[in-house]
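Visitor: One structure follows; several queries about it will come next.
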Amino acid sequence: MVAKTGSHYEVIVIGAGVAGIYQIKRLVDLGMNATVIEAASGLGGTWYSNRYPGARFDSESYTYGYSFSKELLDEWHWKEHFSAQPENLRYLNHVADKFDLRRHMQFNCRVEAAHFDEAENIWRLQINDGRTLTCRFLVMGLGLLSIPTLPRLEGMESFKGRSFHTFHWPHEKLDLSDKKVAIIGTGATGIQVIGEIADKVGHLTVFQRRPNWSAPLNNGPISEKEMAAIRADYDEIFATCARTPGGFVHEPDRRGFYEVPREERVALWDRLYRTPGFAIWLANFREIFMDEKANAEFSEYIADRIRQRVKDPKVAEKLIPKDHGFGVQRVPMETNYFEAYNRDNVELVDISETPLVRVTETGLRTSERDYDVDIIIYATGFDAITGAYDRIDIRGIGGQTLREKWKDGPSTYLGIFIHGFPNLIMPNGPQSGSASTNYPRGIETGVDWCTALLKHIRANGYVRAEATQEAEDQWTRHVNDMYAMMLMRRAKSWFTGYNSNVAGHEEGRFRPMIYNGGAPKYVRRINRVAGNDYEGVTFSGAAPVASAAS
Ligand code: NAP
């Protein structure tokens, strides 16, 4: 028997982040009996949690906002080209309030388990408050970077000062002045934090294992006049995002790398280095992603930029990656990052030379010496893409766990369905278009598609939808093939499932985490699937609509 009304929903969405907010809007508009279950005490997902100094978009703000409501686009004024976390959270709360979505959200509720009931064709969810909720369809709005990971260092509990992961940066104001601060990690997060706090702390010691290629964000304010022009141009802005591989306003330079003389290449790079946002990465020659020689030449150009900006040549060399080329890992965008190392109060410790040995009561110990500090900041990244799925006990047909199915990497159909897990859909899942592009653009595509699917299911009175094994195998092979031509395949980063702090992910074995075919190709493919009666998905049951949820 399906559980009684009050604990049963037609659809449960897990996560009140950018995806969950839009998904519930679409479901409410359809009049569906739906709710969002969120573990945090507020909405906003990544922008609720990541409150560290320097946290901001590296997507142009006006490409990050939702596009579904003209009224919303017309009333919102983005204050900066790359808006900071407090404003981003304010925006998401504004959206929820404007469309009266908060009453469809349940906060401080963590889904501990989700088991598929084959007899009833429903999902049974165990919530941490002791409730069991059921739903016909389960929509995963889980964050792709929402499970922070700490180093596995001895003595972490013994530290007497304050320590936290950037994801858990204290909500109350933290005074860093006169404090001795250590930060571990120089990914996109660490680079944002370091650039922002270097001139605000007493002393900052950066513990760097591997440097990352990074380039200026070139942020700036948006005036009323500029915002009016952006509003008038929204249609074109979103159309540009839709036709570019990354879902950004930056279109690749389609000229052949080797057909353009070296001076012209350098002139382009000089211009891109001054251009805001990811232009340096995404408006570059396409060869830098695929051709080692082209990538090496461009990487050397960026290395020279670092040498020009960092006064101490020895420090500059330490900040230049040697094990991978520019752009084969996610490129952190920086503001004053390299200049931070010119300050007397900032010190770089290369822990690839002198590894961290343990945390002590007073700080950090490397193989060389002790560093006494007041605060340790762990900017050590996430159990990316599949981590949030692994944290829930998800069981499908025959009790198979998703954790076990995905232990060597995810396999999906379109990044939306998982064979063996009927009625579970992922608008921004692993191997989907949104995982590799400007998130909200991909998320809107994914949510719209999943909403149309649910509408189709309801119209036909289906009670069960599941991808075939064949469709999943074919898609996962395709995702693999897309990596094959990319230099990123060999990089040790979350794009390929590497994380030294997660058991099983530390050895750097390749996992096909994201779809690299680009947004237009992805959208064409999922639209073709929908147009062909959802080929690759089997539907069953033709129960009258009313009986599906009662
Ligand atoms: P990350 O890119 O995975 O970087 C983690 C850093 O911590 C790396 O430098 C890593 O070194 C280091 N590290 C990890 N474990 C360590 C250990 N045990 N000992 C020493 N060092 C260790 O994580 P992230 O910087 O949080 O960024 C993750 C993603 O979040 C980004 O790629 C981006 O997609 C997103 N993000 C977005 C924004 C934005 O949009 N504005 C901002 C921040 C982050 P190794 O390189 O040697 O592993």
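The values are calculated or read from the model by the stated rules, or taken from the named source; none is laboratory data. Everything numeric here is computed off the predicted structure, so don't read it as measured data. Methodologically, a virtual Cβ is constructed for each residue, glycine included, from the backbone with ideal geometry; neighbour enumeration extends over all protein chains shown. We work out accessible area using only protein heavy atoms, side chains counted, and drop any ligands, DNA or RNA first. Shrake-Rupley method; radii C 1.70, N 1.55, O 1.52, S 1.80 Å.
Visitor: Given a 1.4 Å probe and every protein chain left where it sits, what share in percent of the accessible area of the stretch 333-452 is carbon and sulfur?
Guide: Solvent-exposed carbon and sulfur of the stretch 333-452 make up 42 percent of the total.
Visitor: Oh, and also: If you count only protein heavy atoms and use a 1.4 Å probe, how large is the accessible surface of ILE397, to the nearest 10 Å²?
Guide: In the full protein context, ILE397 sits at about 50 Å².
Visitor: Taking every pair of alpha-carbon atoms in the stretch 27-143, what share in percent sits in each 5 Å bin, from 0 to the bin with the longest distance?
Guide: Percent of Cα pairs in each bin: 2, 9, 17, 19, 17, 14, 9, 7, 3, 1, 0.
Visitor: Right, something else. Residues with beta-carbon under 13 Å from that of LYS314, excluding LYS314: net charge, scoring Lys, Arg +1 and Asp, Glu -1?
Guide: Combined, the nearby Lys, Arg, Asp and Glu give -2.
Visitor: Straight-line reach from LYS293: which lysines fall under 19 Å, measuring Cα to Cα and dropping same-chain residues less than 8 apart?
Guide: LYS322
Visitor: Another question about this same structure. State the extension gain, in nm to one decimal, for the chain segment bounded by ASP129 and LYS173, taking 0.36 nm per residue of separation less the distance between their alpha-carbons.
Guide: Between ASP129 and LYS173, full extension yields an extra 12.8 nm.
Visitor: At 222 nm, what value in deg cm²/dmol follows for the chain if DSSP H runs of at least 4 each add -39500 (n - 2.57) and the sum is divided by all its residues, to the nearest 500?
Guide: Rounded to the nearest 500, the figure is -9000 deg cm²/dmol.
Visitor: I would also like to ask the following. Within the accessible area of the stretch 481-540, what % is carbon and sulfur when the probe is 1.4 Å and the other protein chains stay in place?
Guide: Ligands and nucleic acids excluded, carbon and sulfur reach 50 percent.
Visitor: Under 11 Å from the Cβ of ASP383, count the other residues' Cβ atoms, weight Lys and Arg +1, Asp and Glu -1, and hand me the total.
Guide: 0
Visitor: Another one. Over the stretch 352-467, average the accessible area per residue using a 1.4 Å probe and give it in Å², no decimals.
Guide: Heavy-atom accessible area per residue stands at 30 Å².
Visitor: If you take every residue apart from HIS419 with its C-beta less than 11 Å away from the C-beta of HIS419, what net charge results, scoring Lys and Arg +1 and Asp and Glu -1?
Guide: Local net charge: -3.
Visitor: Another question, if that's okay. Could you tell me the accessible area of ASP312 in Å² (1.4 Å probe, neighbours in place), rounded to the nearest ten?
Guide: Counting only protein heavy atoms, ASP312 exposes about 70 Å² to solvent.
Visitor: Which aspartates and glutamates does LYS25 reach when only Cα atoms under 13 Å apart count, and residues fewer than 8 places away in its own chain are ignored?
Guide: The qualifying aspartates and glutamates are ASP97, ASP100, GLU444, ASP448.
Visitor: At 1.4 Å probe size, what's the solvent-accessible area of ARG102? Round to the nearest 10 Å².
Guide: 90 Å²
Visitor: Follow-up. Measure of size requested: the Rg and Dmax of the stretch 400-550, with Cα atoms as the atom set and Å as the unit; please supply both.
Guide: Gyration radius and largest Cα-Cα distance of the stretch 400-550: 16.3, 52 Å.
Visitor: Let me ask something else about it. Can you give the relative contact order of the chain as a percent, counting alpha carbon pairs under 8 Å and 6+ residues apart?
Guide: 20 percent
Visitor: Given a 1.4 Å probe and every protein chain left where it sits, what share in percent of the accessible area of the stretch 92-244 is carbon and sulfur?
Guide: The C+S portion of the solvent-accessible surface of the stretch 92-244 is 49 percent.
Visitor: Same structure, new question: Return one whole number: the accessible area per residue of the stretch 1-119 in Å², for a 1.4 Å probe.
Guide: Normalised by residue count, the accessible surface of the stretch 1-119 is 37 Å².
Visitor: Using a 1.4 angstrom probe on the protein heavy atoms only, line up GLU297, GLU292 by accessible area, largest first.
Guide: GLU292, GLU297
Visitor: Modelled label-to-label distance, ARG90 and GLU120, 7 Å Cα→beta-carbon offset: nm?
Guide: 4.5 nm
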